Structures are given as C-alpha cells and as structure tokens.
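> Below is one structure. I have some questions about it.
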Amino acid sequence: MTAERQTGLLARVEALNATVRGEPAPHDGARFRDDGHARWELYREAAGSPSSHALLLDAVRAETDGPLASAVVVLVLETAPADERARWVEALAPEVRDFAERRAEELAVLDALNRCDEGQESGGYSAQDLDSWSDWLQLRAARPGRPRRLLDLLAEHGRTKRIRRNAAEARATQERSSPRGAR
C-alpha cells in the first residue's frame with residue numbers, strides 16, 4: 001500500500017472510530033493500519049449506526065483490502081435503502097464488485113417480493129427463475145407472507161432440502177393463519 005493511500009485510509013478510519021466509539025485511535029494508528037480484523041470490527045459497528053454511514057462509505061472507498069471492503073458493502077446493503085445500494089456498490093474497486101452487485105440484485109428481488117400480494121400469484125417468477133437464484137435468495141424467499149404460488153415453486157424446486165422444507169413450512173403457516181377457504 002502506498003504511503004499516500006495508507007494515510008488516507010488511516011485518516012478515514014480514525015474519524016470513523018472517533019464517531020462510532022467516541023475514542024481516539026492509537027497515536028501511531030498501528031492497530032488499524034496493520035490489522036484488517038480491527039478495521040472489520042469498527043466497520044461492523046459503524047454499519048449498525050446509520051448516522052455513521054457517510055464516514056463508513058468514505059472509509060470503504062479508501063480501503064486497500066478489497067475483500068474487506070466488499071464484505072462491508074455486502075453487510076450494509078441488507079439495511080441500506082434501495083435507492084442507496086448502487087452508491088455502496090460503486091464505492092468498491094471494479095475487481096471486487098461482483099459479489100456486492102449480485103447481492104444488490106438479490107435484494108431488489110426480495111424488495112419486489114415484499115411488495116407482492118397474493119393477487120399477483122408468484123410475483124411473476126417461475127421455476128426457471130429459481131434456477132438463477134442463489135441459495136441465499138431462495139432461503140429468504142421461502143418465508144411466511146410470500147405469495148402461495150412462489151412458496152409452492154420453492155417447496156417443489158428449491159435447490160436444497162432446507163429451502164424446500166422452509167417453503168413448505170411457510171406455506172403451512174400461512175394456511176393455518178388465513179381465514180377458512182381463502183387461498
């Protein structure tokens with residue numbers, strides 16, 4: 001890491017540390033400079049504090065450890081508003097964006113499912129669509145409150161036993177809680 005990049009990263013991490021933890025960084029910055037684990041713990045704390053997200057985004061942009069930066073972005077994407085996700089993904093270096101881009105796309109599918117109601121059947125998804133979904137997405141789609149047709153698809157075509165079982169259980173839970181005769 002060049003000295004200039006290291007200085008920029010350290011300045012951002014120290015500002016983030018002061019905001020999130022209310023404590024100054026060690027005088028020489030060695031804890032954050034030399035230890036990606038220490039930075040990860042700080043980033044994880046900051047991800048849980050939306051008021052720190054602007055500083056966290058600056059730190060991600062300066063982060064020299066690509067996989068660490070990617071992990072932070074993926075963590076934040078789950079709670080970030082949909083209209084802010086692209087900004088987080090774009091903060092990553094192009095060579096480490098793939099996973100974060102995929103997760104942002106998966107979260108968009110979940111957002112669509114959350115807006116979907118029973119009248120929309122499966123939200124327009126088919127068994128073929130499920131083949132392109134990751135296990136992570138299938139598992140999160142296999143929850144109560146999803147359209148019955150989607151749960152049927154996941155119970156039959158889910159990639160793993162766990163996904164199929166969760167979808168079948170979600171469907172059964174919905175059937176027990178819905179008014180008699182409603183489908």
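> So, for the chain, what is the accessible surface per residue at a probe of 1.4 Å, expressed in square angstrom?
Details: 10210 Å² over 183 residues.
That works out to 56 Å² for each residue.
> Sticking with this one: Give me Rg over Rh for the range 52-110, both radii from the alpha carbons and Rh done the Kirkwood way, two decimal places. Walk me through the numbers before you get to the answer.
Working: Rg = 10.3 Å, Rh = 11.1 Å.
Taking Rg over the Kirkwood Rh, I get 0.93.
> Continuing with the same structure: Go ahead and estimate [θ] at 222 nm for the chain from helices alone: -39,500 (n - 2.57) per DSSP H run with n ≥ 4, summed, over the residue count, rounded to 500. Could you put the intermediate results ahead of the total?
On the way: 11 runs with 122 residues, N = 183.
Per the formula, -20000 deg cm²/dmol.
> ALA112 to ASP34: FRET efficiency via 1/(1 + (r/R0)^6), r the Cβ-Cβ distance, R0 35 Å, to the nearest 0.05? Before the final figure, lay out the partial values.
Details: r = 43 Å, r/R0 = 1.24.
Between ALA112 and ASP34 the formula returns 0.20.
> Between the range 46-79 and the range 83-109, what is the C-alpha centre distance in whole Å?
12
The values are calculated or read from the model by the stated rules, or taken from the named source; none is laboratory data. Note that this is a predicted model, so its numbers are computed, not measured. With ideal geometry, Cβ positions are generated from the backbone for all residues, glycine too; neighbour counts draw on all protein chains shown. Note: accessible area is taken over every heavy atom of the protein model, side chains too, but ligands, DNA and RNA are not part of it. Shrake-Rupley method; radii C 1.70, N 1.55, O 1.52, S 1.80 Å.
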